[in-house]
Amino acid sequence: MSKLLIVESPSKAKTLKKYLGKDFEVLASYGHVRDLVQKTGSVDPEHDFEMKYEVIDRNAKHVDAIAKAVKASDAVYLATDPDREGEAISWHIAEILNGKKLLKNKLLKRVVFNEITKSAVQHAIDEPRDISMPLVNAQQARRALDYLVGFTLSPLLWKKIRRGLSAGRVQSPALRLIVERELEIEAFKSQEYWTIHLQSRKNKQAFDAKLIQLSGSKVEQFTVTTHNQQSEIVGKLLAASAGKTTVQRVEKKQRNRSPAAPFTTSTLQQEAVRKLGFTTSRAMRIAQQLYEGIAIGAETVGLITYMRTDSFSLAAEAVMQIRDYIKGNFEPDYLPKSPIMYKTKSKNAQEAHEAIRPTDIRRTPDSLRAHLTPEQMRLYEMIWKRALACQMAPAKFDAVSVDLSVGGETNLFRATGQTLLFPGFIAVYMEGQDDAEEEGESKLPALEVGEILDVVKLWGDQHFTEPPPRYSEASLVKALEEYGIGRPSTYASIISTLQDREYVLLDNKRFTPTDVGRIVNKFLTEHFTKYVDYDFTANLENELDDIAEGQREWIPVLNDFWKGFKRQVDDKGDVDRPGTEVLDEPCPKCGKPLSKRLGKRGSFIGCTGYPECDYTRNLDGDAPTNEPTNLGTDPQSGKEILLLIGPYGPYVQLGQSGDDPKKKPKRVSIPKEIPHASVDLQLALKLLALPREIGAHPDTGKKITAGIGRFGPYLNHDGTFKSIPRSDSIFDIDLNRAVELLAQAKGKAAPLRELGDHPEGGTVAIHSGRYGPYVQHGKINATLPKDETPEEITLPRALELLTAKAAKGGTGKKTTATKKTGGTAKKAGGKK
């Protein structure tokens with residue numbers, strides 16, 4: 001009986017093929033196979049929201065390969081990812097095959113596994129099920145809602161603001177969060193306040209205490225608000241103390257801190273941002289690699305469970321394995337008497353998934369170091385430690401609180417301290433924080449009530465209240481989850497969309513809305529308040545969950561949404577165009593009123609007499625937009641560094657244009673994601689230092705550089721260019737990420753396996769090519785013999801193949817043709 005297993009990704013297919021053996025053929029769909037036709041009317045509200053699908057062009061050949069394999073198979077197993085999206089992909093594949101009449105008299109089943117291990121996969125094959133239509137319908141409803149909002153609201157934004165803008169059911173409330181936080185910051189008025197402190201000492205051990213009660217009244221944040229007030233209080237307390245303080249109260253108690261739950265998608269993204277400096281999309285990309293399978297010696301195995309999950313629960317077998325590891329590698333006190341169970345908090349938790357954990361806790365990070373890239377290693381180590389820590393004993397602290405009186409019991413200072421008695425889970429893992437300070441360890445000397453100690457000094461500290469912090473990727477993900485906006489599996493794409501649309505900028509790892517983002521948000525919150533409301537968005541997510549659980553029908557949910565939404569869109573066709581604000585200020589050139597306008601690079605001041613009068617200036621100054629701004633002096637050359645705005649946008653320039661008649665001054669464009677108003681001398685120097693060398697490519701040994709061109713930041717390696725995505729910083733991008741992007745530029749995926757270092761330098765790896773797998777070192781490619789598989793090739797065997805290929809004088813690539821152009825030989829496609 002011939003069997004066909006269909007998965008989403010080719011790397012997963014390779015892993016599963018090895019597990020299932022020759023009885024199974026394993027093919028990949030390469031993600032989604034069908035999507036809505038990209039034009040108006042693909043979702044038809046007049047006919048029960050009928051959805052018009054078409055095969056995605058880039059995957060048409062993979063669909064054809066699947067159809068061909070189905071003809072030769074007796075049983076078809078759909079093993080796409082274990083979530084709603086995966087369920088929908090399985091349904092789309094089944095619909096295509098049914099449409100081609102290929103499933104007659106064939107077994108068609110859905111198989112689901114949460115981890116890619118031999119036992120989990122075999123168990124899923126042994127217990128197949130039918131496609132779950134409630135899950136499919138929940139995904140169809142989500143897709144229809146996103147389509148209806150996007151295709152209905154976006155044209156209105158084009159008409160009222162500018163072309164190319166978009167609104168989304170989930171992205172718009174996310175944008176609202178960022179804009180409202182910025183408005184809070186702008187409206188914030190800082191207040192001065194003072195805290196009063198005392199330092200005392202016992203047996204040469206000094207410690208500090210803070211004033212908590214003054215003349216019998218509790219000291220609040222704004223009890224002391226001026227320098228004069230604190231000086232008066234400090235003077236009176238010093239006089240009353242006569243250099244002494246008395247211990248009035250000593251309280252000792254033991255405090256426990258429990259470990260954090262194992263990772264969900266959301267918490268994994270947050271920690272990867274905080275601890276590893278990843279973006280959310282980068283974290284998910286690397287997690288997918290760990291899930292789909294890594295070559296470890298002679299086997300390929302999935303190292304972590306499925307990475308899109310809202311669940312905190314762990315399988316009983318996994319908990320027992322973790323407890324056994326703790327028992328065998330730690331002192332007895334580190335293992336709790338019974339397993340620690342975590343209850344899933346999210347009311348939107350998707351179907352019965354596990355939390356993210358290693359598939360085998362015995363695969364320690366150190367044991368895998370030789371098989372993982374540095375990024376994979378860092379993420380796996382964090383997942384491994386978090387899973388291990390979640391089943392360990394709490395950390396134990398001795399906490400002490402002491403009250404000291406000065407000049408009587410009505411004036412009290414409080415000192416606190418804590419000492420770590422037993423580290424427990426902290427020995428393995430500590431959860432990161434966004435905007436709070438980590439608790440430190442501070443010791444107090446042993447004190448008794450009634451003791452009289454010396455006052456070493458008494459002083460006041462000045463403080464100013466601070467505005468709420470801007471959202472980082474981690475804190476934005478946390479806020480989206482708390483509000484119930486979207487799903488954790490979509491957070492990375494939401495953030496990328498906001499950046500791609502230039503609604504927000506990520507500056508110093510914090511989000512700032514652009515002028516365009518502010519205007520879009522203002523338009524949506526004023527005219528479509530309900531649809532960017534946090535509660536409305538969360539309630540709609542709950543309704544989608546009800547559909548997935550079979551508790552609601554999907555058509556009525558869409559109908560309820562569409563009736564109100566369409567009516568409101570129709571009512572807003574004649575609203576005023578936002579983004580233009582006439583100012584009570586005459587134009588210095590012609591005398592007509594000036595106005596604040598939205599341009600391609602943000603807001604600016606311009607004359608209402610345009611085009612007859614072309615006066616413009618920046619919002620943040622009186623200088624016209626075409627006049628240079630002096631940012632300072634270059635410390636090396638002594639030349640001025642200027643900020644200018646040219647036909648292609650703002651740029652920085654080293655020196656005046658006439659400084660050297662034979663040589664133009666160096667100019668570097670400012671990337672779109674950096675507002676030119678925020679460019680200072682320090683940033684200008686970093687821009688002028690470009691292009692910067694990132695490192696040597698591991699395959700060729702040639703350098704990779706990062707620079708900025710007319711079309712934005714890019715990478716260059718031996719004449720191969722690749723744009724740097726907005727989610728990466730040109731100043732921070734590292735070698736591993738650069739190699740990954742350059743591989744995309746060549747249309748070459750990541751290697752199937754890295755075999756090790758070549759004796760002459762560089763890496764030897766196995767890649768998948770048009771004519772089958774091949775071994776590569778530098779520019780030499782050697783095709784694998786037909787009777788040898790990528791899994792069984794060793795480094796010595798690879799070196800033999802490469803040596804034989806080199807001896808024939810071949811690289812495995814067609815020689816680039818040359819042609820004569822005006823008497824000069826040039827490579828075809830090369831630079832002119």
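The values are calculated or read from the model by the stated rules, or taken from the named source; none is laboratory data. Predicted, not measured: the structure shown is a model, and the values here were computed from it. Counting neighbours? That spans all protein chains shown, and the Cβs are built from the backbone with ideal geometry, glycine included. Heavy atoms of the whole protein, side chains included, go into the accessibility calculation; ligands, DNA and RNA do not. Shrake-Rupley method; radii C 1.70, N 1.55, O 1.52, S 1.80 Å.
Putting +1 on Lys and Arg Cβ atoms and -1 on Asp and Glu Cβ atoms, find which of Ala677, Pro665, Ala696 reaches farthest to the positive end of the dipole of segment 662-701.
The residue sitting most towards the positive pole is Pro665.
If r is the Cβ-Cβ distance from Gln221 to Lys61 and R0 is 60 Å, what FRET efficiency results, to the nearest 0.05?
So, using R0 = 60 Å, E works out to roughly 0.35.
Just the ratio, please: alpha-carbon radius of gyration of segment 82-213 over 2.2 N^0.38 Å, N its number of residues.
2.09
Per the 1.4 Å probe, what fraction of the accessible area of the chain, in percent, lies on carbon and sulfur atoms?
With neighbouring chains kept in place, the figure for the chain is 49 percent.
Using a 4.7 Å cut-off between beta carbons, which cysteines in the chain end up with no partner cysteine at all?
Within the chain, the cysteines lacking a partner Cβ under 4.7 Å are Cys390.
Indicate the gyration tensor shape class of segment 142-296 (rounded, prolate or oblate), computed on the Cα atoms with a ≥ b ≥ c the square roots of the eigenvalues: a/c under 1.5 is rounded; otherwise a/b larger than b/c is prolate and the rest oblate.
Oblate.
Where both partners of a DSSP beta bridge lie in segment 1-145, what percent of those bridges are antiparallel, to the nearest 5?
Restricted to segment 1-145, the bridges split so that about 30 percent are antiparallel.
What residues qualify as long-range amide H neighbours of Ile296, i.e. H under 5 Å apart, gap of 5 or more or another chain, H built at 1.01 Å from N?
Result for Ile296 returns Val301.
Gln229 versus Val250, label points 7 Å from Cα toward the beta carbon: distance in nm?
About 3.5 nm, to one decimal.
Reported to two decimal places, what Rg/Rh ratio describes the chain when computed on Cα atoms with Rh from the Kirkwood expression?
Ratio value, two decimals: 1.01.
In segment 352-397, which GluC sites (Glu not before Pro) fall in coil by DSSP and have 15 or fewer other Cβ atoms within 10 Å? Don't jump to the answer; show the numbers that get you there.
Numbers: sites: Glu354, Glu375, Glu381; in loops: Glu354.
Sites meeting the loop and neighbour criteria: none at all.
At Met51 and Thr364, where each label point lies 7 Å from the Cα along Cα→Cβ, what is the point-to-point distance in nanometres?
Calculated label separation equals 4.8 nm.
If each Cα of segment 419-540 is one equal point scatterer, what is log10 of I(q)/I(0) from the Debye formula at q = 0.11, 0.13, 0.22 Å⁻¹?
So the normalised log intensities work out to -0.66, -0.79, -1.43.
For segment 325-421, state what percent of all Cα-Cα pairs lands in each successive 10 Å bin, counting from 0 Å until the bin that includes the largest distance.
Calculated over all Cα pairs of segment 325-421, the distribution is 11, 26, 25, 18, 11, 7, 1 percent.
Taking chymotrypsin sites (Phe, Trp or Tyr not before Pro) that fall in a DSSP loop and have at most 14 other Cβ atoms within 10 Å as cut points, what is the longest piece of the chain between them?
It works out to 223-647.
Using only helices, what value at 222 nm comes out for the chain when you add -39,500 (n - 2.57) per DSSP H run of length 4 or more and divide by the total residues, to the nearest 500 deg cm²/dmol?
Rounded to the nearest 500, the figure is -10000 deg cm²/dmol.
When the Karplus curve 6.51 cos²θ - 1.76 cosθ + 1.60 is applied with θ = phi - 60°, which whole-Hz ³J(HN,Hα) does each residue of segment 407-424 get, with x for Gly and Pro?
Couplings: x, x, 6, 7, 10, 10, 10, 10, 10, 10, x, 9, 10, 6, 8, 9, x, x Hz.
Per-residue HN-Hα couplings for segment 727-736, Karplus 6.51 cos²θ - 1.76 cosθ + 1.60 at θ = phi - 60°, whole Hz, x for Gly and Pro?
Per residue, the Karplus-derived 3J(HN,Hα) values read 6, 10, 9, 4, 7, 10, 4, 9, 5, 4 Hz.
Calculate, for the chain, the solvent-accessible area per residue in square angstrom, rolling a 1.4 angstrom probe over the heavy atoms of the protein chains.
Per residue, the chain has 51 Å² of solvent-accessible surface.
Please state the shape class of segment 55-95: rounded when a/c is under 1.5, otherwise prolate if a/b exceeds b/c and oblate if not, all from the C-alpha gyration tensor.
Judged from the Cα gyration tensor, segment 55-95 comes out oblate (a/c at least 1.5, b/c at or above a/b).
Output the relative contact order of segment 373-494, whole-number percent, from Cα pairs under 8 angstrom with separation of 6+ residues. List each step's numbers first, then the result.
Values: 89 pairs, mean separation 22.9, N = 122.
Computed value for segment 373-494: 19 percent relative contact order.
At 1.4 Å probe size, put Glu754, Glu182 in order of accessible surface, largest to smallest.
Of Glu754, Glu182, the descending order of accessible area is Glu754, Glu182.
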